[in-house]
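The values are calculated or read from the model by the stated rules, or taken from the named source; none is laboratory data. Please read all numbers here as calculations on a predicted model, not as lab measurements. Note: ideal-geometry Cβ built from the backbone for every residue, glycine included; neighbour counts use all protein chains shown. Just so you know, the surface numbers come from the protein's heavy atoms only, side chains and all, with ligands and any DNA or RNA stripped out. Shrake-Rupley method; radii C 1.70, N 1.55, O 1.52, S 1.80 Å.
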Amino acid sequence: MTLAPFGAAALNQKLVGEAGSRFRLETPAAVLDLDLFERNIALLAETCRKAGLAVRPHAKSHKCAEIARQQMAAGALGICCAKPGELLALFEGGIRDLLLSAPIASPTKIDALARAAAAGGRIGVVVDRADLAIAYGEAARRHGAVLDVLIDLDVGLRRSGVATPAEAVDLAKLVSGVDGLRYRGVQAYQGRVQHIDDFAARRAANQEMGRLLAAMIAALRQAGFEPQVVSGGGTGSHLLDGEEQLLTEIQAGSYVFMDEAYNSVDMHGQGGPEFEPALRIAVTVIGHSSLGFAITDGGSKSFALDGPPPRVFLGGELVGRIEWCGDEFGRILPREGQGPLPIGTVVECTVPHCDPTINLHDFLHVASGDRLIALWHVEARGRAD
Ligand SMILES: Cc1ncc(COP(=O)(O)O)c(C=O)c1O
């Protein structure tokens, strides 16, 4: 007996192009609202262009080569990745300009990155230790490749990076002297700033990190290692980074999808978010609980739960919020004076946190209006290595 193809994406393939198909998907399914997605990409590109900043979006939020291509078509000069596995999956997906934004400690992974550079990639890496710089240099020479290098600076995140101007200068000097490495500048990712909801508090935190960064840049310049690239920033800080004029490129990631964790961040100081919730998870009402909830077919295996509860949309209309009732289930409260949503109804939920949510889905169901128009492979899904 031959079984029919299974998995929501395989079952949904036949719906591509059909009127109304968006609301008939087999679920749980990750849905990308194409119109909101394109608006988000264009908005960040335009904001950064006006501020004189380049864009190097972070693929940790989407893990999808097609999205990376669209970001580059909108002017991004390359793509950031959080892990070597993520970077290599996107390289295999055809993306050629990639920056690994975290230090690593595996000779095998260092070698694989150098091989990608030898195979035609423009591969950038960050270093915060002499031994890592030396290992990257050896791997690059072994494969006849060159790796672009940024010195990773700790400007308050306390995760990676050198924390003093003297250490930054020492490392820049070392990198500049290693064959196979090309010193390009610094990375200064101020992760703690991104999710501060209050605009004035976020601006003050960004200015504080700016003072640390300015001191590091000044020391490098004085020592003859003026950084050509100063990479950092994210969705929450990108407008403030334009004011500071210290970064040369912005690594925003979440802006492309948005999530509930970012929805409360007052982007402009006028209340409200800047970007639209383009990523949704479609779920189906599969029953009614004895308490009158509509029970849906997606829980922690379809949504990363580390964020505020998602909003639920039915055919574009907001119908409430979803709560969790298990790994495979959610529940939606009935609306005032109404019964639970009918069994079989497909609703779309925003996501608590986009990065770990997309890591649960192999395909994005790309929708425009009421139609499913394409399926995009999430090549780096699961690549946390
Ligand atoms: C190094 C680095 N750059 C950029 C980002 C993107 O940040 P956001 O998703 O807030 O735009 C992250 C997110 O964690 C990160 O770790």
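Scan the range 34-56 for residues that are open to solvent by 20 Å² or more (accessible area, probe 1.4 Å), touching a strand residue (DSSP E or B) at 6+ places or on another chain (Cβ under 8 Å) and in contact (Cβ under 8 Å) with a residue 40 or more places away in the chain and jot them down.
Residues of the range 34-56 that are open to solvent by 20 Å² or more (accessible area, probe 1.4 Å), as a first pass: 34-36, 38-39, 42-43, 45-47, 49-52, 54, 56.
Among the residues that remain, those that are also touching a strand residue (DSSP E or B) at 6+ places or on another chain (Cβ under 8 Å) are: 34-35, 45, 54, 56.
Answer for the range 34-56, where residues must be open to solvent by 20 Å² or more (accessible area, probe 1.4 Å), touching a strand residue (DSSP E or B) at 6+ places or on another chain (Cβ under 8 Å) and in contact (Cβ under 8 Å) with a residue 40 or more places away in the chain: Leu34, Asp35, Ala54, Arg56.
With respect to (1) open to solvent by less than 30 Å² (accessible area, probe 1.4 Å); (2) under 19 Å from the mean Cα position of the chain (by Cα), the lone exception for Thr27 is condition (2). Scanning the range 225-256 for residues that are within 9 Å of the ligand (Cβ to nearest atom) and in a loop (DSSP other than H, G, I, E, B) turns up Gly233, Gly234, Thr235, Gly236, Ser237, Gln251, Ala252, Gly253.
I need the helices (runs of 4 or more DSSP H) fully contained in the range 57-130, keeping only those with at least 3 residues that are surrounded by fewer than 20 Cβ atoms within 10 Å (Cβ to Cβ).
In the range 57-130, 65-73, 107-118 are the helices (runs of 4 or more DSSP H) which contain 3 or more residues that are surrounded by fewer than 20 Cβ atoms within 10 Å (Cβ to Cβ).
I'd like the full set of residues that are touching a strand residue (DSSP E or B) at 6+ places or on another chain (Cβ under 9 Å) and open to solvent by 20 Å² or more (accessible area, probe 1.4 Å), limited to the range 241-279. Those that are touching a strand residue (DSSP E or B) at 6+ places or on another chain (Cβ under 9 Å) and open to solvent by 20 Å² or more (accessible area, probe 1.4 Å): Leu246, Thr248, Asn263, Glu276, Pro277. Here is the figure for the range 261-319: residues that are modelled with pLDDT of 95 or more, farther than 26 Å from Gly339 by Cβ and not in a loop (DSSP other than H, G, I, E, B) total 3.
Please specify each residue of the range 164-209 satisfying the condition of being polar (S, T, N, Q), assigned to a helix (DSSP H, G or I) and closer than 30 Å to Ser254 by Cβ. Correct list: Gln194, Asn206, Gln207.
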